[in-house]
Every structure is written in structure tokens, then in C-alpha cells.
Amino acid sequence: MLIPKRLGQTDLSVSPLGLGTVKLGRNQKVNYPSAFDLPDDDQVKRLLDIAWELGINLLDTAPAYGTSEERLGKLMAGSGHDWVISTKVGEEFADGESCFDFTPTQVRVSIERSLRRLRRDYIDMVLVHSDGNDSAIIERYEIFDVLAELKRAGWLRAFGMSTKTLEGGLLTARHADLVMVTYNLNHRAEEAVIDECLRLNKGVMVKKALASGHLCSDDATDDPVQTSMNFVFAHPGISSAIVGTINPQHLRDNVSKALLALHQD
Ligand code: NAP
């Protein structure tokens, strides 16, 4: 069973493996190795039940993931499971296009909508969904001050940014509760962000641990998923790796391999 641990200095406790939910709500303009149909409600419900049974308590979503938030809100309702939810602000995906707005007004509007869609009184984690200009967003919009105010007002428990640059990741580590960073065998460029979070005792969520699935078909490696998990969890600064899947067998496989990598089996 996955053993949850405290996320940085927050009062949230998260499983070392979280479930990424892009594929629950969006199948256009995504970067996965193959096209896929969105799962139906029964399939999502089953996936969530399996995840919970295996010890996953963390779900990562975003307004930019199409219908993901709305579906989670509906399908989590009445399940009795105390999920920790991470969602985002700043990016929208509508009519096949992404657009970005990091203004304080839009941050509030977006969180209010996420609260409604997720059917929650507060959101556990809110991350800024960066367009790549991490440092400019932080400095120009003073976005962490806006989120800190909403945290004090009880709208959220913790905040951070899903970053795309080393500089932005380091700034986020210093000024927020957590960073969501890309980290996998093919991408170590932001590893110093994880080191910094470890030094400052801040939370780290890894995105794209399997390089959006591209690492899973590496014929040169005996067990690419295990190799990927071993790599990610070897860093002591990782709070949780958010791995996306809509395949129950992959979900089970990921949990067993994460347990092996974490020596929690
Ligand atoms: P990922 O977790 O690295 O990989 C997901 C892909 O790997 C899916 O196509 C999945 O396909 C496949 N997969 C998963 N487990 C597998 C297994 N055991 N064997 C074979 N294939 C497997 O990539 P990601 O979904 O891009 O990123 C993870 C999560 O991070 C997202 O869902 C999202 O929550 C978050 N994220 C955030 C941002 C951001 O900017 N904030 C960007 C990207 C991602 P199946 O469905 O067939 O298993």
C-alpha cells in the first residue's frame, strides 16, 4: 500500500503516486503517443475506485483538461473518499485552442468555477498553469500574492505553479508551497528545482514521469515503466509523481512499480 506523506510544509498528506486526469476530459491537441477515446462514466468511476483501493489519494486536474474537473466532481460525489485535489488557474482550452489569463480577476473567477465543478468548499492545491513564461507571470501579475490571499480566505489549502523553466521553478520553490515540475529519464533540466524544494522543505509534484507515455515504448529497455519509476523516486525531494492513465491494468502496474521503487512493497 502506498504510504502518504506530508506535502512540504502544508497540512496536506499525499500518496507518492497521484493520478493525472488529462485523458478523462481532453483528447484534442495532446501529446500522447496514440489517439484515444475519452472513457465513459463507468470506466472513470472504476478507475477512481481502483486508484483509491491501491492507496492513491491525489488527483491532478485543470480547467485546461476539457471536461476533467466536471467529470471528477460528478463521479467523486458520494464516493465517501477523501481525495486530495489539485487544479490549476491561468489556462483555458476551448474550441480546440488554449488561451491564457493570469490576472487576479480571472484567477478568482477560475477558482470559483473549479469549486463549483469539483463540488468542493475549498480546493486542496491550486497551481498556476504556466504558458512557459514562468518568471514573468510571477513578477508581472504578483500571482502568488493573489493566491496567498485566497488561501488566507479559505478558498485553497496550498498553491504553487506547474513550471516550464528552471528560473520559474526556483522562484516558485522560494515563494509558494509547491512546484509541479517535469522530471523523467529524458528531462533532467529542472532537477535543481527539486533539489531546492528539498532544501527548503517545499512540495514537489512530478508531471510527465513517463514522458507522456513516450518512454513506455522504449524497446531498448527491459521494463521502461519500472526504470522510469526507479529514476523518479530515487530523488528524495519528490512528494508525488502524477502519472496519467485511463487503463486500469496500467494503473495497477504503476502502483506496484512505484512501490518497488519506493521500497514500500
Ligand atoms: P505521463 O504520466 O508521463 O504519461 C501518461 C501516458 O503514459 C498515457 O498516455 C498513458 O496511457 C501512458 N501510461 C501510463 N502508465 C502506463 C503503463 N504502465 N504502461 C504503458 N503506458 C502507460 O504523462 P502526462 O499524462 O502528460 O502527465 C501526467 C499528468 O501530469 C497529467 O495527466 C496531468 O495531470 C499533469 N500534467 C500537467 C501539465 C501541466 O502543465 N500542468 C502538463 C502535463 C501534464 P494509458 O492511458 O493507455 O495508460
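The heavy atoms of D40 present about 80 square angstrom of accessible area, all protein chains included, probe 1.4 Å.
Expressed in nm to one decimal, what extension gain is obtained for the pair A192 and N133 from 0.36 nm per residue of sequence separation less their Cα-Cα distance? Don't jump to the answer; show the numbers that get you there.
On the way: separation 59, 0.36 × 59 = 21.24 nm, distance 1.82 nm.
Length gained between A192 and N133: 19.4 nm.
Solvent-accessible area assigned to carbon and sulfur over the chain amounts to 47 percent, based on a 1.4 Å probe. Under a 5 Å amide H cut-off, with hydrogens placed 1.01 Å from N, Q264 pairs with nothing among residues at least 5 apart or on other chains.
Per residue, region 44-91 exposes an accessible area of 30 Å² to a 1.4 Å probe, with every protein chain left in place.
Of the whole protein surface, K5 contributes about 90 Å² of accessible area at a 1.4 Å probe radius. In a Gaussian network model over the chain where Cα atoms closer than 10 Å are linked, find which of L58, L38, L118 has the largest mean-square fluctuation. Of L58, L38, L118, the most mobile in the Gaussian network model is L38. Taking 0.36 nm per residue of separation and subtracting the current Cα-Cα distance, fully stretching the chain between Y32 and A77 would add 13.3 nm. Taking 7 Å steps out from each Cα toward its Cβ at D95 and R108 produces label points 2.7 nm apart. Go from 0 up to the bin containing the longest alpha carbon distance in the chain, width 5 Å each, and give me the % of pairs per bin. Over the chain, the share of Cα pairs per 5 Å bin runs 1, 6, 14, 18, 21, 19, 13, 6, 1, 0, 0 percent. Ranking R71, R46, R152 by solvent-accessible area of protein heavy atoms (1.4 Å probe, all protein chains present), from largest to smallest, gives R152, R46, R71. Within straight-line reach of K151, meaning a Cα separation under 20 Å, sit the following lysines at least 8 residues removed in sequence or on another chain: K88, K202. Restricting region 163-265 to chymotrypsin sites (Phe, Trp or Tyr not before Pro) that sit in a DSSP loop and have at most 15 other Cβ atoms within 10 Å of their own Cβ leaves nothing. Were the residues from A148 through L200 laid out at 0.36 nm apart, the gain over their Cα-Cα distance would be 16.9 nm.
Got a sec? What order do I138, I246 fall in by accessible area at 1.4 Å, biggest, i.e. largest, first?
Values: I138 20, I246 45 Å².
The most accessible residue leads, giving I246, I138.
The simple spin-label model puts a point 7 Å past each Cα toward its Cβ; for R116 and R252 those points are separated by 4.0 nm.
Nothing charged except the Cβ atoms of Lys and Arg (+1) and of Asp and Glu (-1): what's the magnitude of the dipole of the chain about its Cα centre? Round to the nearest 20 debye. Please list the in-between numbers first.
Numbers: 29 positive and 37 negative charges, 111 e Å.
It comes to approximately 540 debye.
For region 103-112, 3J(HN,Hα) computed residue by residue from phi via the Karplus equation (6.51, -1.76, 1.60; θ = phi - 60°) reads 6, x, 4, 5, 4, 5, 4, 5, 5, 4 Hz, glycine and proline entered as x. Note on C99: accessible area is roughly 70 Å² with a 1.4 Å probe, heavy atoms of protein only. Rounded to the nearest whole Hz, the Karplus-based 3J(HN,Hα) values (6.51 cos²θ - 1.76 cosθ + 1.60, θ = phi - 60°) of region 214-220 follow the sequence 5, 7, 6, 9, 6, 5, 6, with x at glycine and proline.
Probe of 1.4 angstrom, ligands and nucleic acids ignored: what's the accessible area per residue over region 120-265, in square angstrom? Mind showing how you got there, number by number?
Values: 6270 Å² over 146 residues.
That works out to 43 Å² for each residue.
Show the residues, 5+ positions off or on another chain, whose built amide H is closer than 5 Å to the amide H of T61. Answer set, sorted by chain and number: S86, T87. Measuring r between the beta carbons of C216 and H263 and using R0 = 25 Å, the FRET efficiency lands at 0.65.
The values are calculated or read from the model by the stated rules, or taken from the named source; none is laboratory data. Computed from a predicted structure; not experimentally measured. Cβ: placed from backbone, ideal geometry, glycine included. Neighbour counts: every protein chain shown. Surface accessibility is based on the protein's heavy atoms, side chains included, excluding ligands, DNA and RNA. Shrake-Rupley method; radii C 1.70, N 1.55, O 1.52, S 1.80 Å.
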